[in-house]
Amino acid sequence: MRDIIPGGRAAALSLVLAACLTAAPALAADMDVAGVRLPAQLSEGGHALVLNGAGLRTKFVVKVYVAALYASARSQDAATLINSNDPRRMRLQLLRDVDSKSLDAALQEGLRDNTPKQELAALQPSAARLSALMAEIGSAREGDVIDLDFDARGVTITDNGKQRGRIDDPAFGRALLRVWLGNDPAQSSLKKALLGAP
């Protein structure tokens, strides 16, 4: 480099430093979606998770919840996020009162829409476990937060910081994440937002 760049090592070092800074990904910033402030980073089980994307779930023009997807590393590829063994979190912050039966029904519908019939049949025990955990939540109120924490073994359900239980079934964890990120997602605009697509 000394032969090519005038000024020798100092100029070469400046060039390398500038290249590193240019190549470094921009740090994620906190987001605001429908008045809900979403932190750029979270910590889950000692792992740092970054905000991959977030958006608004609506039904018949009614704002239902803000969904935020956190991952170990940001990605715009749905399959990468679904199939990862690294920790991921889907955070749902409710914008209206919702009874757990309605929320569970929406999740079960999403599972049916994004899972082949044979696979869905094999996942029925885990789907029933999800229904039981959602029933424990009861009526969710506006402002409540439901976290679905995905890892290599399955998914943990938490509401307002209280852990409701786990579903130790990796295939079910992937199927549940496809409710938002699958080929027939709950809402296509929300999928795009969760993937951080421009």
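For the reader, a short list of remarks on this structure follows.
- Exclusive hit being without any contact (Cβ under 8 Å) to a residue 12 or more places away in the chain, open to solvent by 10 Å² or more (accessible area, probe 1.4 Å) and of a type in the set (Gly, Ala, Ser), set Ala171, Ala152, Ala128: Ala128
- Residue in the range 128-141 that is among the β-branched types (Val, Ile, Thr) and modelled with pLDDT of 95 or more present: no
- Elements of type strands (runs of 3 or more DSSP E) in the range 40-86, at least 2 residues being modelled with pLDDT of 95 or more: 47-59, 62-71
- Single residue of Gly182, Gly161, Gly165, Gly138 found to be farther than 17 Å from Leu51 by Cα, among the small types (Gly, Ala, Ser) and free of Cβ contacts under 8 Å to residues at least 24 places away in the same chain: Gly161
- Tally, over the range 37-72, of residues that are open to solvent by 30 Å² or more (accessible area, probe 1.4 Å) and touching a helix residue (DSSP H, G or I) at 6+ places or on another chain (Cβ under 9 Å): 4
- Lone unmet requirement of (1) at pLDDT 95 or above; (2) among the polar types (S, T, N, Q); (3) over 22 Å from Gln163 (Cα atoms) for Gln108: (3)
- Helices (runs of 4 or more DSSP H) completely within the range 94-189 that count 2 or more residues being in contact with an Asp or Glu (Cβ under 6 Å, 6 or more places away or on another chain): 100-114, 124-137
The values are calculated or read from the model by the stated rules, or taken from the named source; none is laboratory data. Please read all numbers here as calculations on a predicted model, not as lab measurements. In this analysis, Cβ positions are derived from the backbone assuming ideal geometry, glycine residues included, and neighbour counts consider all displayed protein chains. What goes into the accessible areas is simple: the full protein's heavy atoms, side chains included, and nothing from ligands, DNA or RNA. Shrake-Rupley method; radii C 1.70, N 1.55, O 1.52, S 1.80 Å.
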